[in-house]
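Here's the structure we're looking at; comments come further down.
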Amino acid sequence: MSINDAAATNPIYQLVPWIILLPAIGVLFNMLLGNFLSELIVGLVACLASASSFVVSVLMANALANDPQAVRVHLMDWISVGNLNVDWNFRVDTLSVLMMLVVSGVGTLIHIYATGYMHHDVRHQGDRRRYTRFFVFFNLFIVAMMVLVSADNYLMLFVGWEGVGLCSYLLIGFWFEKGEQGLGNAKAAKKAFVVNRVGDFGLLLALFFIFWWFGSFDFDVVMNNAADADPIVLTAITLFMLLGVTGKSAQLPLHVWLPDAMAGPTPVSALIHAATMVTAGVYLIARSAALYMSIPQVQSIVIVIGAATALFAAMIAVGQNDIKKVLAYSTISQLGFMIVAVGLGAFSAGMFHLVTHAFFKALLFLAAGSVILGMKSGSAHDHQPEANHSDTIDPQDMRNMGGLRKQMPVTFWVYLIGGLSLAGIPPLAGFFSKDEILSAAGSRSTLLLGVLLAATFLTAFYIARQVLLVFFGTPRSEDASQAKESSLIITFPLIILAILSVVAGILNSPGNHTLDDWLESSIPQNLTVEFMLPIAIISLFIILTGLLLGWTMYGRKSEPSSSTVDPLSGMLGSLYGGLKHAWWVDELYHAVFVRPYQILARFLAQTIDLALLDGIINGLAQFIGKSSRFFARLQNGYVRTYVLTLFVGMTLIVTYLVFQ
Amino acid sequence: MPLSFYLGLSLIMFVLGALGVLLRHNAIVIFMSLELMFNAANLAFIAFSAYHQVVTGQLFVFFVMAVAASEVAVGLALIVVIFRTKRTINIDQLNTLKG
Amino acid sequence: MQIILFSFLAILIIVSAFGMLFSKNAIYSAIFLVMNFVIVAILYLTLGAPFIAFTQITVYAGAIMVLFLFIIMLLGAERLPEAEVLRFHRIFAILGALLFIGATGFLLFWLSGSWDALPSPTSEFASPEVIGITLFSEYLLPFLIIAFILLAAAVGAILLTRGNNTPQIESIQNDEE
């Protein structure tokens, strides 16, 4: 696959650096001037920066539609040391432009939503000055994600990779002084960053191996020579890269950061932890298709990890009570589906699900944010001058909600659409993308298909549970009964995303292989998947069973109080405890990794650093002091001592001279 | 009379004078011991001068005597001045340079 | 014969030096020192240095020691209380002295040329006449410098002991009126 330099082709490609520069201008503008301008201007600038990035992406897509040949646009020389030559090049090919469209498109919608959401959120949390800072970070994230997807070599991709990790940290810990014991959000941000770091370590090792074997970081060089590479080197590269992917895309065993990342504001969860950043891992594997297709053993490992994660996370989502945590585990589960797809070689199926998932998951998160805002406004509503209102209830706990479809109708309908798309009901988008993955799995192994079908069943079940608990029945708390619908600026992006969740299925619906054809020029190794009717029918049946089960357990009787025991715990008994605590993986990691590390750090700090090293330094200083006091006694002021010293010295000199 | 006898005598006088400087703590007696040391040096000069039959040594002794005299004058004047302030000439009392 | 004379004088010199060293009374130390000077002057005579011998008696024993005695009397410093403050001072001093004697003695007695006998003391190489001629011809410059040194010493001694009380001339005029 060859790549054209931009000079030889359509000059419109020269515009591509603006996908980064325009949001960067947004960052600088808001950083320097934002605090002196009104919230309206700040939000407007941020949304315009993101929207203009989207416009440029559309122009790129347009140009590529006429001629799908990949194009490289050179921006500047970066590193030139010895054998290492890395430039900052932009790669405009169908895969990267697809990602650019998703990131900037969904990103712009979420920016618009955030201008409204953060307006309320900073008032609920009590610090109105944080508004500007939020949009600086948000635009910065767009910059970093664009760097990641537009990179033409692995090193630039890594720069973007790290950049989104940083923005994730900044945004998760946005309310850094809040959270449990005033530290919870900061700890969640730290956990996200550290776990990502473990993954980045793997990715770095993969990069080192790539440079060592291929001599270059450029995608073209690597992909063209991948098939001839030594299998052991290929195994090393792909396995370490997989470690990075599990870190960024929250797969087993590095999934633990994503549920905690829900401590960030809801737009953050929507943009970063649903639609864009976590999909970077899927994008990386799709980009490295040539490498993975050359070593089938590692592909099997990829599939196993993806499938296990899909089932594992779906199980846990069933037992969660926080509205955002359900969606977090759902994200992990759906990412597992995508990883399975790219592991099977069905890269376009994986990308298809990435696109549809971005739509409906962002929709679900944003709608959940709307619900939370409604709960908070309900709580503020009845927190009139009542001094005897003791504690505020958690606005994110589903057990405190109920019956919201009457108070928040728009939110209810879009949430329902998003939920059904997630579950995979035709003709919504999720059905087509998930079905492609199931077909690809089925043609490989029935066991794999079985696992994925189990995950699909659980997906339908937990989303039904969530919709029923939140929107149906009678309100289980004061706040729920006082909840109000959110303003237009919040509901407008929801509606757009709902429409997209409905119609996006035509991208690759059976008989219409738009996406397959689109991606063919970027990923020639792509395995296209044929629509298999039996699998579609079986999956539909399973989905309906899940929905029905959810309806029977949660929908028929209304739960009058929030402390009623979840009927699931009655059914599953002790298993429910495991689901609720996410199988205690966090506790396991804490005991195995974190505690010993803390003990080691304490040992090094106190025993070695404080006692030993400081002891040596202070002891040296004290020794100098003592010896100087000792020598100071030589100056006792007595003349006779001085004369004696002179005399003895003279004697010694004479003795020396005599005996020489 | 071997030269070394005279030089040995000079050496003993010198050491005795040095011991006097070191061991006595009356400032005037220290000065006197200093004069003894000068004398020892003079003796050595005279002995060498007689050995080589040259007059230079004796002339040097002449100069040494003159300088010793002037030095004694100034030194004793200093002792008098110190005595005026400290009312003692025990040099162990003159220890204000201690550090 | 010469040896007996020399050893007798040497013993006297050493005894008087010890006497000066160990006398508790400063006056006794001064007297012992005078005796030392005189004996050394006699020794000079045996070495053929008559001029120096008499100069020694005149200047050293006659002027310097008198000056010492005046100051001792002026300050009343003949007896001082014994108080040895420094602990190891004596030991170090005696050890150092012994080492010095040992080293220099070694030098003297193992060097060739130092066992030669001195010639008789009656040769006229250092008669006053010779000394005068040499002093005023070859060593004229040091001679004049010595004069300056003596002048400086005298002025210095007077300046040091003058203190802050200059004689008032006005008081004499007051007396006259």
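The values are calculated or read from the model by the stated rules, or taken from the named source; none is laboratory data. Worth saying up front: this structure is predicted, and the values here are computed from it rather than measured. Because the Cβ atoms are built from the backbone with ideal geometry, glycine has one as well, and the counts that use them run over all protein chains shown.
Residue-by-condition table, conditions (1) outside any helix (DSSP H, G or I); (2) over 60 Å from the mean Cα position of the chain (by Cα):
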| residue | (1), (2) |
| --- | --- |
| A:Gly619 | no, no |
| A:Ile624 | no, no |
| A:Arg629 | no, yes |
| A:Gly637 | yes, yes |
| A:Arg640 | no, yes |
| A:Val654 | no, yes |
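Looking across the stretch A:295-323, just one residue is within 18 Å of the chain's Cα centre (by Cα) and surrounded by fewer than 24 Cβ atoms within 10 Å (Cβ to Cβ), and that is A:Ile305.
Report, by residue number, each residue of the stretch B:23-51 that is facing chain C (nearest Cβ under 8 Å) and of a type in the set (Phe, Trp, Tyr). Scanning the stretch B:23-51 gives B:Phe31, B:Tyr51.
The residues of the stretch A:92-109 that are within 18 Å of the chain's Cα centre (by Cα) and either β-branched (Val, Ile, Thr) or not assigned by TED's automatic domain parsing to the domain that holds A:Leu48 (or both), listed by number, are A:Val102, A:Val103, A:Val106, A:Thr108. Restricting the stretch C:125-158 to residues that are facing chain B (nearest Cβ under 7 Å) and touching a residue at least 12 places away in the same chain (Cβ under 8 Å), which is farthest from the chain's Cα centre (by Cα)? By that ranking, first place goes to C:Phe125. Filtered by the rule that a residue be touching a His at 6+ places or on another chain (Cβ under 7 Å) and surrounded by fewer than 22 Cβ atoms within 10 Å (Cβ to Cβ), the stretch A:76-128 gives a lone residue, A:Asp87.
Anything in the stretch C:40-65 that is more than 9 Å from every other protein chain (Cβ to nearest Cβ), under 12 Å from the mean Cα position of the chain (by Cα) and surrounded by fewer than 20 Cβ atoms within 10 Å (Cβ to Cβ)? List them, or say none. Within the stretch C:40-65, C:Ile57, C:Thr58, C:Ala61, C:Gly62 qualify. Out of A:Ala261, A:Ala270, one residue alone is buried (at least 23 other Cβ atoms within 10 Å of the Cβ) and touching a His at 6+ places or on another chain (Cβ under 8 Å). It is A:Ala261.
Filtered by the rule that a residue be modelled with pLDDT of 80 or more and either within 7 Å of chain C (Cβ to nearest Cβ) or within 12 Å of C:Gly163 (Cβ to Cβ) (or both), the stretch B:80-94 gives B:Val80, B:Val81, B:Phe83, B:Arg84, B:Thr85. Residue-level check: of (1) modelled with pLDDT of 85 or more; (2) in a helix (DSSP H, G or I), A:Val86 misses just (2).
Here is a yes/no grid of residues against (1) surrounded by fewer than 23 Cβ atoms within 10 Å (Cβ to Cβ); (2) touching a strand residue (DSSP E or B) at 6+ places or on another chain (Cβ under 6 Å); (3) not small (Gly, Ala, Ser):
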| site | (1), (2), (3) |
| --- | --- |
| B:Leu23 | yes, no, yes |
| B:Ala44 | yes, no, no |
| B:Gln58 | no, no, yes |
| B:Val64 | yes, no, yes |
| B:Ala69 | yes, no, no |
| B:Ala77 | yes, no, no |
| B:Val81 | yes, no, yes |
| B:Thr85 | yes, no, yes |
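Set side by side, the residues A:Val27, A:Val55 differ, and just one is surrounded by fewer than 18 Cβ atoms within 10 Å (Cβ to Cβ) and at pLDDT 90 or above, which is A:Val55. Listed here are the helices (runs of 4 or more DSSP H) enclosed by the stretch A:370-451 that have at least 3 residues being at pLDDT 85 or above and within 30 Å of A:Thr528 (Cβ to Cβ): A:409-423, A:429-442. Pairing residues of the stretch C:1-26 that are more than 7 Å from chain B (Cβ to nearest Cβ) and assigned to a helix (DSSP H, G or I) with residues that are surrounded by 15 or more Cβ atoms within 10 Å (Cβ to Cβ) and of a type outside the set (D, E, K, R), at Cβ distances under 6 Å and at least 6 apart in sequence or on separate chains, gives C:Leu9/C:Ile39; C:Leu9/C:Leu43; C:Leu12/C:Ile39; C:Ser16/C:Phe32; C:Ser16/C:Met35; C:Ser16/C:Asn36; C:Gly19/C:Phe32.
Of the residues in the stretch C:154-172, how many are at pLDDT below 80 and assigned to a helix (DSSP H, G or I)?
Looking only at that region, the number is 3.
Does at least one position in the stretch A:525-548 carry a residue that is of a type in the set (S, T, N, Q), at pLDDT 80 or above and either out of contact with any helix residue (DSSP H, G or I) (no Cβ under 6 Å at 6 or more places or on another chain) or within 25 Å of A:Ala341 (Cα to Cα) (or both)? First the steps, then the outcome.
Kept after step one, since they are of a type in the set (S, T, N, Q), are these residues of the stretch A:525-548: A:525-526, A:528, A:539, A:545.
In the following step, the residues that additionally are at pLDDT 80 or above were identified as A:539, A:545.
Keeping just the survivors that are either out of contact with any helix residue (DSSP H, G or I) (no Cβ under 6 Å at 6 or more places or on another chain) or within 25 Å of A:Ala341 (Cα to Cα) (or both) gives A:539, A:545.
Yes: one or more hits.
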